[in-house]
Amino acid sequence: MSESATVLEVRAMTRRFGGLVAVNNVSFNVAQGEIFGLIGPNGAGKTTLFNLITGLIPPSDGKLLYLGEDLTNRPPYKIAARGIARTFQNIRLFGELSALRNVMIAQHIHTRSNVLTGVFGLPRARREEAISRRKSIELLDLVGLLDRADEKAINFSYGDQRRLEIARALALEPSLLLLDEPAAGMNSNEKHELSEFIRRIRERFNLTVLLIEHHVPLVMGLCDRIAVLHFGQMIALGDPANVRNDPAVIEAYLGDE
Ligand SMILES: Nc1ncnc2c1ncn2[C@@H]1O[C@H](COP(=O)(O)OP(=O)(O)O)[C@@H](O)[C@H]1O
Ligand SMILES: [Mg+2]
């Protein structure tokens, strides 16, 4: 990665839950096109950091800038509309809906039809529905789930549900994609494919990716840079080789493996 523009700035971000400091004065920048890894033991504050970046919870302190714009304290839908999409560690799909519907629902942020045009079935709503369907089918194809488009999400394996969540996030046409433990529940073959897949979608959609992942080989092989969280604090930041050999990281995290 050379001289790419900064897209995301996390500045002195802190989040307290009562007496617990889940994210403690964390700062880093992410460059356009980077695959940026976030690792650390369970409870280190990784998901909380994602929740802060996507506006699900407000920070106790600190700032969030995206493409130079201050997004601190914006609600999730406004942050999503700026092009930041995510998947969840605890998968959040509509289990009773088909895979196709799960992806189509996400696109409503991009369709202009309101309740009235929907109710009266006006031509624009129909047209938008058709476009949304076609785009969703393309995304399902991309994640390898096209042949199961009409199946209920609840019937999918964890690995397939995670792929479906990625398709749904991509339906928002993000420029920054946050993936919270996307390899959890996948077998080693699926993990390897996931790695390739993340690279592919980065190219195809011109994405910047933030990735929380426990599987160390996947993180080391895939990420341009890695930040290590430990009890809410960032204890290391650098390229995979540097982070891997950092004594503080080995003691806090990698040593347990
Ligand atoms: N909504 C919340 N209320 C209280 N404590 C929370 C909440 N969310 C997270 N925490 C706590 O913050 C710490 C960091 O959690 P989390 O960000 O989920 O860690 P990680 O994703 O790195 O495993 C944990 O101690 C967790 O129990
Ligand atoms: Mg987590």
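Quick note: the coordinates plus some simple rules give every number you see, no bench work behind them. All values reported here derive from a predicted model rather than from experimental measurement. Glycine also receives a Cβ, built like all others from the backbone with ideal geometry; neighbour counts cover every protein chain displayed.
Quick notes
- Full extension of the chain segment joining Asn242 with Arg126 gains 36.4 nm, where the gain is 0.36 nm per residue of separation less the Cα-Cα distance.
- Region 24-36 - phi-based ³J(HN,Hα) in whole Hz, Karplus 6.51/-1.76/1.60, Gly and Pro as x: 10, 6, 9, 9, 6, 10, 10, 8, 3, x, 6, 9, 10
- With the charge dipole of the chain set up from +1 on Lys and Arg Cβ and -1 on Asp and Glu Cβ about the Cα centre, the Cα lying farthest toward the positive end among the listed residues Phe17, Val249, Val216 is that of Phe17.
- Filtered GluC sites (Glu not before Pro), region 29-106: DSSP coil and at most 16 other beta carbons within 10 Å: Glu96
- GNM top mover of Leu229, Leu176, Leu97 - the chain, alpha-carbon springs below 10 Å: Leu97
- Percent antiparallel among DSSP beta bridges (both partners in the chain, rounded to 5): 55
- Inter-label distance, Phe205 to Leu56: 1.8 nm, where each label sits 7 Å from its Cα along the C-beta direction.
- Dipole moment magnitude, nearest 20 debye, the chain about Cα centre, only Lys, Arg, Asp, Glu C-beta charged: 1060
- Our estimate of slack between Glu193 and Ala12, defined as 0.36 nm per intervening residue step minus the Cα-Cα distance, is 61.6 nm.
- Of the chymotrypsin sites (Phe, Trp or Tyr not before Pro) in region 43-98, the ones in a loop by DSSP (not H, G, I, E or B) with at most 14 other beta carbons within 10 Å are Phe94.
- Potential lengthening between Asp224 and Glu69 on full extension [0.36 nm per residue; Cα-Cα distance subtracted]: 53.4 nm
- Formal net charge of residues neighbouring Leu139 (Cβ-Cβ distance under 12 Å; K, R +1; D, E -1): +2
- Across Pro247, Pro123, Pro217, mean-square fluctuation computed from a Gaussian network of the chain (C-alpha pairs under 10 Å connected) peaks at Pro123.
- For Ile57, the residues whose amide H sits under 5 Å from its own are Leu52, ignoring neighbours fewer than 5 places away on the same chain, with H placed 1.01 Å from N.
- Based on the reciprocal of the average 1/r between different C-alpha atoms, the Kirkwood radius for the chain equals 19.1 Å.
- Take the Cα of Val216, step 7 Å toward its Cβ, do the same at Arg82, and the gap between the two points is 3.5 nm.
- Once the Cβ-Cβ distance of Asp150 and Gln32 is raised to the sixth power relative to R0 = 35 Å, the FRET efficiency obtained is 0.40.
- Estimated [θ] at 222 nm from DSSP helical runs (n ≥ 4, -39500 (n - 2.57)) normalised by residues in the chain, nearest 500: -11000 deg cm²/dmol
- Set Lys152/Lys191; Lys46/Lys135; Lys63/Lys135; Lys78/Lys135; Lys78/Lys191 screened for pairs whose C-alpha atoms are more than 29 Å apart: Lys46/Lys135; Lys63/Lys135; Lys78/Lys191
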